[in-house]
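The values are calculated or read from the model by the stated rules, or taken from the named source; none is laboratory data. Fair warning: this is a prediction, and the values are worked out from it, not measured in the lab. We place every Cβ from the backbone using ideal geometry, glycine too, and count neighbours over all the protein chains shown. The area values use the complete protein model at the heavy-atom level, side chains included, leaving out ligands, DNA and RNA. Shrake-Rupley method; radii C 1.70, N 1.55, O 1.52, S 1.80 Å.
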Amino acid sequence: MASYSARGVHGQVVHELGGRIVRGVLAEGDTLDIRALGAELDVSLTVMRESLKVLAGKGLIDARQKRGTFVRARTAWNLLDPDLIRWRTEGGDADRLLDDLADVRAIIEPAAARRAAERRTDEDLDALSAALTAMAEARGDVAATAEADALFHRRLLAATGNELLTRLELLLEPGLRERDRLVHGRLGPDDPVPSHRAVLDAVRDRDAARAERAMLDLLAKAADDADRATG
């Protein structure tokens, strides 16, 4: 699930209007005056229409005959979309986002760690070890650390051997990447390797209970870091 580039005229319009909607400047149910917005942003109607198609794909807007283009209810938004996640953090909704993410991770990841310890293969261990190595080599680079962190958790889900659990990466990864960007960007470099190594060691030893505890410890630290980052 990729974010939409903010480069170029289309990208700038998408991010400007998307941010306004998520912040509530353009509220649920509001009808958009496309011509007026185009004039305000100094872009053509063609650019506006193409940008609105992107926002419609994210569930933010819709269009109806006799009503025009309007902002959809929040329940229709694709809250897992990377751009929506970014607009929420930039718009002051980081606390709620990170709390929700922590809840979801607490439900899924300790159980996934337990299953991975019970079912992992040698190939799974190699993949987890490679992700941990990438994490160590990131050396405080926020983007590289976030990428390696996301990779480790993706590999852990895959190690459960459960196809449905594996696809939960689509649920967790966008929020995890934004969480890492926000936390490491505000708190400075942190060494995520020890907490992740504890999970990997337990999975390697096929110790399901220890893997679950190690993941709970990792999530507790992640929640504490998020609390400090949003302060």
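Of the residues in the stretch 30-51, how many are assigned to a helix (DSSP H, G or I) and open to solvent by less than 60 Å² (accessible area, probe 1.4 Å)?
Qualifying residue count, the stretch 30-51: 9.
Residue check: is ARG86 within 23 Å of the chain's Cα centre (by Cα), surrounded by 16 or more Cβ atoms within 10 Å (Cβ to Cβ) and touching a residue at least 60 places away in the same chain (Cβ under 8 Å)? In short, yes. Tally the residues that are in contact with an Asp or Glu (Cβ under 7 Å, 6 or more places away or on another chain) and over 14 Å from LEU17 (Cβ atoms), restricting the search to the stretch 42-81. Qualifying residue count, the stretch 42-81: 2.
Among the residues of the stretch 177-192, none is identified as under 23 Å from ARG115 (Cβ atoms) and either of a type in the set (Val, Ile, Thr) or modelled with pLDDT of 95 or more (or both). Which condition number in (1) out of contact with any Gly (no Cβ under 8 Å at 6 or more places or on another chain); (2) under 30 Å from ASP224 (Cα atoms); (3) part of a helix (DSSP H, G or I) is the one that TRP87 fails? Here TRP87 meets the rest and fails (1). When ALA106 is tested against the conditions (1) in a helix (DSSP H, G or I); (2) of a type in the set (A, V, I, L, M, F, W, C); (3) surrounded by 18 or more Cβ atoms within 10 Å (Cβ to Cβ), the lone failure is (3).
Within the stretch 69-83, the residues that satisfy the criterion of being open to solvent by 30 Å² or more (accessible area, probe 1.4 Å) and in contact (Cβ under 8 Å) with a residue 24 or more places away in the chain are ARG72, ALA73, ARG74, LEU80.
Among the residues in the stretch 137-151, are any open to solvent by less than 20 Å² (accessible area, probe 1.4 Å), closer than 20 Å to PRO194 by Cβ and at pLDDT 95 or above?
Taking the stretch 137-151 and keeping what is open to solvent by less than 20 Å² (accessible area, probe 1.4 Å), we get 138, 145-146, 148-150.
Next cut, closer than 20 Å to PRO194 by Cβ only: 138, 145-146, 148-150.
Adding the requirement that they be at pLDDT 95 or above leaves none.
No.
Is there a residue being part of a strand (DSSP E or B), open to solvent by less than 30 Å² (accessible area, probe 1.4 Å) and at pLDDT 95 or above anywhere in the stretch 52-67? Don't jump to the end; show me each part of the working.
Initial filter on the stretch 52-67 (part of a strand (DSSP E or B)): 61-64.
In the following step, the residues that additionally are open to solvent by less than 30 Å² (accessible area, probe 1.4 Å) were identified as 61.
This time we only want the ones that are at pLDDT 95 or above, so: 61.
Yes - at least one qualifying residue is present in the stretch 52-67.
Residues that are of a type in the set (Ser, Thr, Tyr) and more than 20 Å from the chain's Cα centre (by Cα) are absent from the stretch 166-188 altogether.
In the set ASP217, ASP207, ASP224, ASP180, only one residue is of a type in the set (Asp, Glu) and farther than 15 Å from ARG105 by Cβ; that residue is ASP207. Within the stretch 110-128, track down each residue that is surrounded by fewer than 23 Cβ atoms within 10 Å (Cβ to Cβ) and touching a residue at least 24 places away in the same chain (Cβ under 8 Å). Those that are surrounded by fewer than 23 Cβ atoms within 10 Å (Cβ to Cβ) and touching a residue at least 24 places away in the same chain (Cβ under 8 Å): PRO110, ALA111, ARG114, ARG115, GLU118, ARG119, THR121, ASP124, LEU125, ALA127.
Could you tell me whether LEU101 is open to solvent by 30 Å² or more (accessible area, probe 1.4 Å) and closer than 25 Å to LEU219 by Cβ? Before the answer, list the steps.
Values: open to solvent by 30 Å² or more (accessible area, probe 1.4 Å): no; closer than 25 Å to LEU219 by Cβ: yes.
For LEU101, the condition - open to solvent by 30 Å² or more (accessible area, probe 1.4 Å) and closer than 25 Å to LEU219 by Cβ - is not met.
The single condition from (1) open to solvent by less than 60 Å² (accessible area, probe 1.4 Å); (2) assigned to a loop (DSSP other than H, G, I, E, B); (3) of a type outside the set (Asp, Glu); (4) over 23 Å from ASP100 (Cβ atoms) that ALA131 fails is (2). Can you give me the number of residues within the stretch 187-223 that are more than 18 Å from LEU151 (Cα to Cα) and surrounded by fewer than 16 Cβ atoms within 10 Å (Cβ to Cβ)? Total satisfying the criteria: 10.
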